[in-house]
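The values are calculated or read from the model by the stated rules, or taken from the named source; none is laboratory data. The structure displayed is predicted, hence computed values, not measured ones. Positions of Cβ are backbone-derived with ideal geometry, glycine not excepted, and every protein chain shown enters the neighbour counts.
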Amino acid sequence: ETGVQGAGAAWSPNGRYIAVSTQFAKGSAWRGGIPADGRIGIWDTVKREMNYVSLPGINQPDRDLRYHFITGGVNPSWSDNGEWIAWTQSTYDTLPGNDHKWKTEIWAARIDGSSLQRVFENSQAASWLPNRLVLRDEKTDQQFTLQESDSTSVKNWPTLPFDFQKVLKEQAAASQRAADFNVELVLKANRLWQNPDLGRFKSIDFTHRMSPHRLDERFQWDQAGTFRVEVVDREAGSDVYGTGWSVIRLPDGSSFTVANPEAYPRHRTADDITKDQRSNQITARELLRRETLRHLSGTRLNFASIDWGRNPNDFIVVDYHQDGNTRLIELRPSPQASRRVKLNAGAMFETTSWAYMHDVVVNRSLLTIDENNRIVREVAYNDEKLIAEINLADWDTTDSGQQAPRHIDIRFPEKDFHVEQKFQVTPEGLWILTSGSSQFAGHPAQKEEIVDLKINASSKSLQEAVQQIRIRHQEMAVMAESRNKVALRGLTPLELGATYAFQGTPETENSQFRPVSLKWIPVNKSLSKPGEWTGAVTAPTAELRFPALNHNTLDSDTNLMLVLYDEDRLPLYSTTVPEAAVTASNRPAGQVLESILDRQQLWLRKKETPLPKTTYQFRYKDEQGPRELPSDNPKIERGITLTLALDSIHRNPELWKMPIQFSASWNGRSVRVLGLNGPHFVHEFGSGLPYQSGRSSYRGGYIKTTSKDLVLVVDAETGFPLVERSADMEIQFLEYVEVTPGQFVPLQILCKTAGPDLDLRFQVLDGKLWLFDREANQKNQAEVSVGDILIDGKAPQQVMQSKAPDSTGGLLWFPWDELTSREPEQAGDRLSAMIAAYTKPWTHPSWTTLGDIRVESAPDATQLMRCSLRSYPPLGIARYWTLTRFAGEIAEPLICAETLVKPDQCEVAVAPFKLNQTILVPTPIFDVHPISRRGTFGGSASSETRVRSFSIHHDQQQRAVITPEILSTSYYTGQTVRVTGVLLRDGVVVASGTDSDSFRTYQTPFSSQQSRILLQNSDRQTGTSLLLGHRSVVTSAPAGSTWVQFMGFHFHDFPPQDLLSSRFAEIRQIGLQSVYLKHARDIDRQFRREGHSQRLHRELSDYRDALQQILSDEQSDSPAAIALACRLAGFSENAAFQTPLRALLQHPSESVRDSAAIGLGLLGQTDVIERLRYLASQPEPESETVTDQLQLYTRQHAIWALKSCSE
């Protein structure tokens, strides 16, 4: 309305005036949301005019944006009498010698601008003392009395520094000189090599060859603008640019990239490429032009002299000097081109090099131009730092007067890198590399040359390559039409907490293993202690209730097959629960394990076992540090980072179960193979060691995994552990020696994973200390060892060390295929026999399920089996399930009242079951209407990864095995994909299986056929159609030159919001626990560490409505659930929860009343302080005595609430 600029307004005491920051210079810098380059003005609302109090703001960069000076006034504040105004004057100065930080001062003046004076230096804020012309610094409490003055001069006002003014004057003079330089004359003289006319060429074909690291890349180009680069020979392997890799760029700017001629190509449209180049501000067509010119010179060489000729608008001549016939110009990138101007030099064409400097930032270059307008020298800088010196010599002049250098020499002084390249001008007028040499000091030179150069020859092979890659791209998108549809029998909606009662009753004793009901919950309560929260939501769990199972089930061949389905009724996961597991999964392992461990007391120590007082030096290459024993850190006691499953077993053997046990023969010796399940254990190794204080010092390889399932191979005669194997890590124990009668230790331990591995050697000192000696794999070159050992202050007298030769390469896995003559140790143990049939026992489809089966007797004489699906795929939220019972040849789908029967509710599209044929899978449809995906064959959590095709064959046991072709078009990701297959006969599930595959994608689509889905029961059941589904999860991504695993990133099997909205109180309580555990770190950070987590406040707001419902106490929630909801309400800092919390102060349950008080205290309500003080004064309970885990946090939460009240 006023047309006056202003921000950060402050009204005068009488309401007539408004003080603002105004008259902004550029508004490119901000302080508290207000432009920091304005001045303080006062708007008179009566006269409707602006009067300026402070001097104008300044926002002045230099020409090259290296220096910047900003000053301006913000945050005006009125005196009580309305006659004075104070404000913060902020100044930013980046000249050399300054700290590049904002400097703030407090200034004041009368409202007419007189008596302008600085009040405080280095002050953020000041306040007026009541009814006085005195300002107080709010940080230091220093006071200043304002002085009236008639002087018009202002002392200490921030102005442009003299040195900055000098810079600006020098730059203005340079710009005036540069205006006299004739740019067009120089560019015209150098066009032949900078920016050649391509109209004279019909096609160009050559091979860029590098040696001694051999890499041949063929380049083809035609006049239409298409070009292709192909790796035709590569000596060293590459994950990305192997032999056969190629890229094709089309005239419209689009591209195809393919890993090899048999692979699928990645197609990127011109729009895709233009979007990627937004930061560089160029289009796909412009990028194509630049890349074409670069390739046609036969090298990836790029520096300002070349780039200037090809892209003159990207540069500005900022200075010019003439010395006789020689001219010197300073060239700088224009502001819009600063991101894309880079220096590249060395032996490289398109893909990879071993001697190359790439994408080096250069922001100014000094070019020397001779009397013939030839650029003979360039010196490249980044600010004042010298980057490279480039000399151009041996110039060739054509008949038309065009000139080009035939020799370019580049030196990078700091990197000690030298590039020398020779060029030619062909009779057709093409300036192109002939040969070159690139070398880092101390390393062999990498050579390059152009061979097989053909100009204006036939481009037929290029056109054929384009046609072939288009065909291959079309093949990738082909999908099959599946008109076969089947209604799934037994398909039932999945609702957590609901109990499904099966119809029908067992008819004979042989049908005992037939459940009477099923209930889904998010956790396995059998695996937690009383009072312990289970809300981490680790895996869906089926609670199956049976009639009493009193007989030994080990020899039973009856089993249950459970399949979960997604919202499109496509299978997510399947598992088979053998009746034999009822007995086997509860078989105790303690007695067997203790007999094994009795002979390993020296190296598998318990905490209470004393150690001799010892000092040693841990050495890594040229570094070393002291360690002392005994130590609270078991790694220091061992001398190296090594944590075994055997450590966990030795601590609590009674907690381990042994569902699998069979004997075998290995190299003429008898061994026992034990399949164990117990508490979560850690597998960890690394070529480093914590310091005595506990800080880490890992300088070599390091890896850590956790698991609950273990395969342990033990020598049957001696009881020596030979190998322990989890899904991801294997530890082998070798070279056992007897230290004292009946006590043995291994002197060599091999640690093996799919990635790093270690060969660790140990020593025995004076017969009483087993300690790390050295890392003995020559490939790793870790040079880790232990030395200078003193036991009780003396050097050990007896030392036993490994005599095995050092490893020289990658360590070998234990030869599982050499375990022959496998037989169950207990007669009739069908489960162990079934697992033993697998070469690698842990790969059996039921392996992880067996570990989480627990059977309990219920008060009503029934038995409750809880079975957790720990391999259930992340992000795979199940919506349906089927349960089939198999007894002999009978396959019975179990039906309940909730089972779907209408065809449109349970119909799925299937593929025919055909052996030894490749069958295409229809591409899933992804859009905003999920209904359009109903009935599709296939499915994924990501539209970029799918199952394209599959084939089926029989294994030696006549079981059906599916080999899916997993196709991913994602760009640079690591993925885990789980594929599930279901074999159907008349809509009944008769066999199923699931398997996962992990891989990385790079620039091009990736096709994997590594997964093998074994259909359980397919050796005794036949089917006619197949249903296939999958889920994919991104698990890693590149970070610089390495890949980063998404460690600790938790994919909830069931989102907390879904659990909290359940109609079952039990599920809601688990949801509350899940919410607390998910946000425990943010809660601790906010309240214990005196921070404030906006993230906590924001994310807890997602549960507001659910918490309100629970706090209303109208849903039959348990007191424990209501109490936890009270705490979460307090942590949310949402005042809307005060009313329901206050009502709960009268709740019958003491825990609810206490938690309501804590919640109110966290919300700052002081009327509950006395109750909080009482709770804070109580001792923390022992964890073994609590009935609810929340009790363990009551004292700490009360302390936090008291603090919130005091604030």
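Can you name the residue in segment 1003-1017 that is surrounded by fewer than 19 Cβ atoms within 10 Å (Cβ to Cβ) and not in a strand (DSSP E or B) and, of all such residues, is farthest from the chain's Cα centre (by Cα)?
ARG1012
Out of (1) surrounded by 12 or more Cβ atoms within 10 Å (Cβ to Cβ); (2) under 30 Å from SER238 (Cα atoms); (3) modelled with pLDDT under 95, what's the single condition that is false for ARG214?
ARG214 satisfies every listed condition except (1).
Can you go through GLU684, GLU654 and tell me which one is at pLDDT 90 or above and touching a strand residue (DSSP E or B) at 6+ places or on another chain (Cβ under 9 Å)?
Values: GLU654 fails: at pLDDT 90 or above.
Step by step, each of GLU684, GLU654 is checked, and only GLU684 is at pLDDT 90 or above and touching a strand residue (DSSP E or B) at 6+ places or on another chain (Cβ under 9 Å).
Go through (1) loosely packed, with under 15 Cβ neighbours inside 10 Å; (2) farther than 12 Å from PRO659 by Cα and name the single condition ASN586 misses.
It is condition (2) that ASN586 fails.
Which members of segment 206-246 meet the condition of being under 16 Å from GLU262 (Cα atoms), touching a Pro at 6+ places or on another chain (Cβ under 9 Å) and not in a strand (DSSP E or B)?
GLY244, the sole residue that qualifies.
Just to be sure I understand, how many residues within segment 184-241 are farther than 30 Å from GLN446 by Cα and either under 45 Å from the mean Cα position of the chain (by Cα) or hydroxyl-bearing (Ser, Thr, Tyr) (or both)?
Residues meeting the conditions: 3.
Report whether or not GLU735 is modelled with pLDDT of 90 or more, among the charged types (D, E, K, R) and either part of a loop (DSSP other than H, G, I, E, B) or closer than 24 Å to THR808 by Cβ (or both).
Yes; evaluated as a whole, the condition is true for this residue.
If you take the residues of segment 878-897 that are in a loop (DSSP other than H, G, I, E, B) and under 41 Å from the mean Cα position of the chain (by Cα), which of them is modelled with the highest pLDDT?
It comes out as ARG879.
So, of the residues in segment 82-139 that are aromatic (Phe, Trp, Tyr) and under 23 Å from PHE162 (Cβ atoms), which turns out to be surrounded by the fewest Cβ atoms within 10 Å (Cβ to Cβ)? Show your work before the answer.
Of segment 82-139, the ones aromatic (Phe, Trp, Tyr) are 84, 87, 92, 102, 107, 120, 128.
Within this subset, residues satisfying the condition of being under 23 Å from PHE162 (Cβ atoms) are 92, 102, 107.
Working: TYR92: 21, TRP102: 14, TRP107: 24.
Top of the filtered list is TRP102.
When you scan segment 627-691 for strands (runs of 3 or more DSSP E) that lie fully inside it, which ones turn up with 3 or more residues that are crowded, with 20+ Cβ neighbours inside 10 Å?
Passing ranges, in order: 657-666, 669-686.
Where the second residue is of a type in the set (D, E, K, R) and the first is free of Cβ contacts under 8 Å to residues at least 40 places away in the same chain and lies in segment 1169-1186, which pairs have Cβ atoms under 7 Å and are six or more apart or on separate chains?
If the second residue must be of a type in the set (D, E, K, R), the pairs left are LEU1175/ASP1154; LEU1175/ARG1195; ALA1176/ARG1195; GLN1178/ARG1195; GLU1180/ARG1195.
Only residues that are over 47 Å from the mean Cα position of the chain (by Cα) and closer than 23 Å to ASN81 by Cα: list them for segment 1-15, please.
Once the filter is applied, which keeps residues that are over 47 Å from the mean Cα position of the chain (by Cα) and closer than 23 Å to ASN81 by Cα, segment 1-15 yields ALA10, TRP11, SER12, PRO13, ASN14, GLY15.
Got a number for residues in segment 35-70 being among the polar types (S, T, N, Q), within 52 Å of the chain's Cα centre (by Cα) and surrounded by fewer than 23 Cβ atoms within 10 Å (Cβ to Cβ)?
Going through segment 35-70, the residues among the polar types (S, T, N, Q) turn out to be 45, 51, 54, 59-60.
Still in the list and also within 52 Å of the chain's Cα centre (by Cα): 54, 59-60.
The next check asks that each one be surrounded by fewer than 23 Cβ atoms within 10 Å (Cβ to Cβ); those that pass are 59-60.
Count: 2.
Can you pull out every residue in segment 838-869 that is farther than 16 Å from LYS708 by Cα and crowded, with 22+ Cβ neighbours inside 10 Å?
Correct list: MET865 only.
In segment 349-404, what count of residues is obtained for those that are more than 30 Å from GLN171 (Cα to Cα), part of a strand (DSSP E or B), among the aromatic types (Phe, Trp, Tyr) and within 37 Å of the chain's Cα centre (by Cα)?
Adding up the residues that qualify gives 1.
Considering GLU1170, GLU1133, which residue is assigned by TED's automatic domain parsing to the domain that holds GLN1086 and surrounded by fewer than 13 Cβ atoms within 10 Å (Cβ to Cβ)?
Working: GLU1133 fails: surrounded by fewer than 13 Cβ atoms within 10 Å (Cβ to Cβ).
From the options GLU1170, GLU1133, the qualifying one is GLU1170.
With the structure loaded, tell me whether THR973 is hydroxyl-bearing (Ser, Thr, Tyr) and either in the same structural domain as ARG266 (by TED's automatic domain parsing) or over 30 Å from CYS906 (Cβ atoms) (or both) or whether it fails that test. Give the derivation first.
Values: hydroxyl-bearing (Ser, Thr, Tyr): yes; either in the same structural domain as ARG266 (by TED's automatic domain parsing) or over 30 Å from CYS906 (Cβ atoms) (or both): yes.
Yes, satisfied.
I need the full set of residues from segment 898-908 which are among the hydrophobic types (A, V, I, L, M, F, W, C) and over 42 Å from the mean Cα position of the chain (by Cα), in order please.
Answer for segment 898-908, where residues must be among the hydrophobic types (A, V, I, L, M, F, W, C) and over 42 Å from the mean Cα position of the chain (by Cα): just VAL901.
Tally time: how many residues in segment 253-301 are of a type in the set (Gly, Ala, Ser), under 23 Å from ARG1000 (Cβ atoms) and modelled with pLDDT of 95 or more?
1
How many residues are touching a Gly at 6+ places or on another chain (Cβ under 9 Å), modelled with pLDDT of 90 or more and outside any loop (DSSP other than H, G, I, E, B) when one looks only at segment 611-626?
Of the residues in that region, 4 qualify.
Take PHE219 and decide whether it is under 28 Å from VAL376 (Cβ atoms), crowded, with 20+ Cβ neighbours inside 10 Å and modelled with pLDDT of 95 or more.
no
Out of curiosity, is SER574 touching a residue at least 60 places away in the same chain (Cβ under 8 Å), among the polar types (S, T, N, Q) and in a loop (DSSP other than H, G, I, E, B)? Steps first, answer last, please.
Numbers: touching a residue at least 60 places away in the same chain (Cβ under 8 Å): yes; among the polar types (S, T, N, Q): yes; in a loop (DSSP other than H, G, I, E, B): no.
Taking the combined requirement at face value, the residue does not satisfy it.
Looking at segment 46-65, which of its residues are under 27 Å from ALA174 (Cβ atoms) and not in a loop (DSSP other than H, G, I, E, B)?
ILE58, ASN59, GLN60, PRO61
Taking into account only those residues within segment 71-81 that are among the polar types (S, T, N, Q) and more than 44 Å from the chain's Cα centre (by Cα), which is surrounded by the most Cβ atoms within 10 Å (Cβ to Cβ)?
So, considering only residues that are among the polar types (S, T, N, Q) and more than 44 Å from the chain's Cα centre (by Cα), the one surrounded by the most Cβ atoms within 10 Å (Cβ to Cβ) is SER79.
Out of contact with any strand residue (DSSP E or B) (no Cβ under 8 Å at 6 or more places or on another chain), at pLDDT below 85 and either among the acidic types (Asp, Glu) or more than 30 Å from THR226 (Cα to Cα) (or both): does that describe THR538?
So THR538 fails the test.
Among strands (runs of 3 or more DSSP E) lying entirely in segment 432-521, which contain 3 or more residues that are at pLDDT 95 or above and surrounded by fewer than 17 Cβ atoms within 10 Å (Cβ to Cβ)?
Passing ranges, in order: 446-455.
Would you please list the contacts, defined by Cβ atoms under 8 Å and residues six or more apart or on different chains, that run from a residue in segment 610-636 that is touching a residue at least 12 places away in the same chain (Cβ under 8 Å) to a residue that is surrounded by 15 or more Cβ atoms within 10 Å (Cβ to Cβ) and in a helix (DSSP H, G or I)?
LEU611/GLU637; ARG627/ILE636; GLU628/ILE636; LEU629/ILE636; LEU629/GLU637; PRO630/GLU637; SER631/GLU637; PRO634/ASP647
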